[in-house]
2 protein chains.
Amino acid sequence: MKIEAIAPSPFAQINTPAAVIDVTQMAANIDRMQARMNALGVRFRPHVKTSKCVDVVRLQTRAGASGITVSTLKEAEQFFAAGIVDILYAVGIAPHKLAQAAALIAAGCRLRILVDNLAAAQAVAAYANTHDIAFDVLIEIDTDGHRSGVKPEAPELIDIARALTADSRVTLAGVMTHAGASYALHDAVALQQFAEQERALCVRAATRLREAGFACLDVSVGSTPTALSAQTLDGVTEVRAGVYVFFDLVMANVGVCSLGDIAMSVLTTVIGHQREKGWVIVDAGWMAMSRDRGTQMQQLDYGYGQVCDAAGQPIAGCLMASANQEHGIVEWRDANAAQSVEARFPVGMQLRILPNHACATAAQFPAYEALGGDGIVTTWPRFYGW
Amino acid sequence: MKIEAIAPSPFAQINTPAAVIDVTQMAANIDRMQARMNALGVRFRPHVKTSKCVDVVRLQTRAGASGITVSTLKEAEQFFAAGIVDILYAVGIAPHKLAQAAALIAAGCRLRILVDNLAAAQAVAAYANTHDIAFDVLIEIDTDGHRSGVKPEAPELIDIARALTADSRVTLAGVMTHAGASYALHDAVALQQFAEQERALCVRAATRLREAGFACLDVSVGSTPTALSAQTLDGVTEVRAGVYVFFDLVMANVGVCSLGDIAMSVLTTVIGHQREKGWVIVDAGWMAMSRDRGTQMQQLDYGYGQVCDAAGQPIAGCLMASANQEHGIVEWRDANAAQSVEARFPVGMQLRILPNHACATAAQFPAYEALGGDGIVTTWPRFYGW
């Protein structure tokens, strides 16, 4: 009889809680999205708000990404310092942030900014005039009613373009939309239709601007669900998506990934039990998982996360059902399975928890523990704040 | 007619989003709790997981606090480095963290650790023996069934004490409980009864241990709601509470503070509108507020927060109703009030948002902007991670 040696866990020396990246799986997610964008004939501009990590973003640009999308000017500053020049700041700019944006542009960053209203457009043109600085600006289009943006048919769209270009230093570079309401869907046909709505309405806004005499070269659309569902992208020049790099339980419920595709998880250690309730207490609470309960209203509610063994294999029916700041309560969906949690999950055992929302969970950690295909774990710093 | 000069906002130069502390109000919160503990005749050990900020904690210790409570060993390390020696790590210790705890103790920190099960107790005794290091240990008692801890009447309680003291380097320093289920209450009488339950059951556990021959000097109880509701604390030696330092909307719903007592808020800037929906879009989303929706199940749901003007005065009926990563959607509870949001909240206007849960919101920020009674704003760093 041959006895197989049990490989020691690559995480045995890692303090918990920790945010673990399976780099092999993440690379597969990156390749899947980039190949799709290449096949659809559009540039791909990943949204780096998910990882806020130079090591992750370098893998995205090496795979073929054309520039990046950021959600804060701090991200722009950090990634520009790391050598990435082509950056879209995809949140409508507050007038007081124009000086910070201008400093990046003056330093050589090809930063594009966003507006969706007349007051902001006027502020951009006035700042360009007063400070003699050139801005490339996109107008945000509302294609699904979920947040900000101007409607494609709104008369105001043309007014905003005129207000922006009132100063010749401002270039209307294009239009941009994010169909974030796609997160609420979970049907492949509905997702395809939603991606087509996002595309068609954003292209329509660009057409109106062109008919009014504006160049409006770029048409930028995207969200992870629509990017993975679009059948054609006629008239679109670039697509953005963020969470696909890690995926998460919300995306699994939407139907654009499987649990096995989720590349980021929280490593935790069992610290106790409540035997009669079938509870396992772990040292990752909501401070580690975040308070995101994105699966709460979806078809399958995962509580604060799906429990996996230390190797990353999901343990069917085992969830982090609730959480305090530094305590997670792990239990079975089926209370009948509750017996003998102490034997099954002894104190000191490591587990991994798949998160509801990777962007929110990752943000709780100063660094990732990146597990390479060679079994070696490397610490990758990430940043936060504004 | 006399024209009053409008004072410029102290936050005019602060980038948004920012976590603002009203230091005058915070000092009042600190004094209120410390005076109560003095009157009840117990030591007070504030839980610093709320602020993770040396500047805040120095005000708590100057007001009379006896040591601190921490939720992570990183907090212990950071506050020990800042000169605070008496520290209780109030999460059941994972065996792999004993080396980190031992290093603090060897450096002179009077660190106390916590266990609630036999396996952890055995690990502590074994580590003390192997590494010739002395540990002061408390046993966690479950007085409300909400999380971890051993029941006061459980036979295991005595077994844990025996296992701990199997090595003479380990001192059973006392018992500790946290009646976190108090957060679900909102009635003064029920809170008083709950505080009494917390006290009585924790004292009962200490009595059992003493009857079994263990010294068990300390009886440590607390949560913000019970600390502010207890009528007597006979047999208790110290009380712990954390969120009282800032307070928040959850605590206002519990009934232990008013909106005016809330000393921490998120400063944000209006970046746009959806006129026909009555939405105001601001540059604080869930990344700033956290995903905590603690008021969702309470009597008054504040969405992601109560909107105030830049001076901190609540605007009645105005909430952050929903949030994306870097966008907040502010609207009125009463949709009829929705008209003219652009005039009422113009682009560039600063607002302040009171948070659901101060511990969660504060954790999203690398620093606080602390507004002193002199109107001067000082940046106070805070830390995160493990």
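How about the range A:61-77: which of its residues are within 17 Å of the chain's Cα centre (by Cα) and not in a loop (DSSP other than H, G, I, E, B)?
If the condition is that a residue be within 17 Å of the chain's Cα centre (by Cα) and not in a loop (DSSP other than H, G, I, E, B), then A:T61, A:I68, A:T69, A:V70, A:L73, A:K74, A:E75, A:A76 are the ones that fit.
For a quick check of your reading: which strands (runs of 3 or more DSSP E) sit entirely within the range A:280-386 and have at least 3 residues that are more than 9 Å from every other protein chain (Cβ to nearest Cβ) and β-branched (V, I, T)?
A:377-381
Kindly list the number of the only condition in (1) more than 14 Å from chain B (Cβ to nearest Cβ); (2) hydrophobic (A, V, I, L, M, F, W, C); (3) buried (at least 17 other Cβ atoms within 10 Å of the Cβ) that fails for A:A215.
Failed condition: (3).
Kindly indicate whether B:D234 is part of a loop (DSSP other than H, G, I, E, B), at pLDDT 95 or above and not assigned by TED's automatic domain parsing to the domain that holds B:D31. Full working, then the answer.
Values: part of a loop (DSSP other than H, G, I, E, B): yes; at pLDDT 95 or above: yes; not assigned by TED's automatic domain parsing to the domain that holds B:D31: no.
It is false that B:D234 is part of a loop (DSSP other than H, G, I, E, B), at pLDDT 95 or above and not assigned by TED's automatic domain parsing to the domain that holds B:D31.
Results for (1) surrounded by 22 or more Cβ atoms within 10 Å (Cβ to Cβ); (2) under 17 Å from A:V221 (Cβ atoms); (3) in the same structural domain as A:A215 (by TED's automatic domain parsing), shown as yes or no for each residue.
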| residue | (1), (2), (3) |
| --- | --- |
| A:A99 | no, no, yes |
| A:A103 | no, no, yes |
| A:L118 | no, no, yes |
| A:D144 | no, yes, yes |
| A:R147 | yes, yes, yes |
| A:V175 | yes, yes, yes |
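What's the number of the condition A:A316 fails, among (1) of a type in the set (G, A, S); (2) without any contact (Cβ under 8 Å) to a residue 24 or more places away in the chain; (3) in contact with a Phe, Trp or Tyr (Cβ under 9 Å, 6 or more places away or on another chain)?
In the conditions (1) of a type in the set (G, A, S); (2) without any contact (Cβ under 8 Å) to a residue 24 or more places away in the chain; (3) in contact with a Phe, Trp or Tyr (Cβ under 9 Å, 6 or more places away or on another chain), A:A316 misses (3) alone.
If we keep just the residues of the range B:238-270 that are in a strand (DSSP E or B) and within 14 Å of chain A (Cβ to nearest Cβ), which is surrounded by the fewest Cβ atoms within 10 Å (Cβ to Cβ)?
B:T269
Counting only residues that are among the polar types (S, T, N, Q) and touching a Leu at 6+ places or on another chain (Cβ under 9 Å), how many does the range B:364-384 have?
So the answer is 1.
Pull up the range B:347-386, narrow it to residues that are more than 15 Å from the chain's Cα centre (by Cα) and β-branched (V, I, T), then point me to the one that is surrounded by the most Cβ atoms within 10 Å (Cβ to Cβ).
B:I353
Conditions tested, residue by residue: (1) closer than 22 Å to A:V150 by Cα; (2) outside the structural domain of A:G222 (by TED's automatic domain parsing); (3) of a type in the set (K, R).
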{"position": "A:H47", "(1), (2), (3)": "yes, no, no"}
{"position": "A:K52", "(1), (2), (3)": "no, no, yes"}
{"position": "A:V57", "(1), (2), (3)": "no, no, no"}
{"position": "A:R62", "(1), (2), (3)": "no, no, yes"}
{"position": "A:I68", "(1), (2), (3)": "no, no, no"}
{"position": "A:I84", "(1), (2), (3)": "no, no, no"}
{"position": "A:H96", "(1), (2), (3)": "yes, no, no"}
{"position": "A:G108", "(1), (2), (3)": "no, no, no"}
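Name the pairs whose Cβ atoms lie under 9 Å apart, with the first residue in the range B:279-292 and acidic (D, E), the second assigned to a strand (DSSP E or B), and 6 or more positions between them or separate chains?
Filtered contacts from the range B:279-292: B:D283/B:T268; B:D283/B:T269; B:D283/B:V270; B:D283/B:I271; B:D283/B:G328.
Within the set of pairs 6 or more residues apart or between chains, which connect a residue that is polar (S, T, N, Q) inside the range A:158-185 to a residue that is in a strand (DSSP E or B) with Cβ atoms less than 6 Å apart?
A:T165/A:L172; A:T171/A:D136; A:T177/A:I141; A:T177/A:V221
Yes/no per residue for (1) over 29 Å from B:L114 (Cα atoms); (2) touching a residue at least 12 places away in the same chain (Cβ under 8 Å); (3) not β-branched (V, I, T):
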residue	(1), (2), (3)
A:E276	no, no, yes
A:G305	no, yes, yes
A:N324	no, yes, yes
A:S340	no, no, yes
A:L371	yes, yes, yes
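The values are calculated or read from the model by the stated rules, or taken from the named source; none is laboratory data. As the structure is a computational prediction, the values presented were derived from the model and not from experiment. Every residue, glycine as well, gets a Cβ built from its backbone with ideal geometry; the counts of neighbours run over all protein chains shown.
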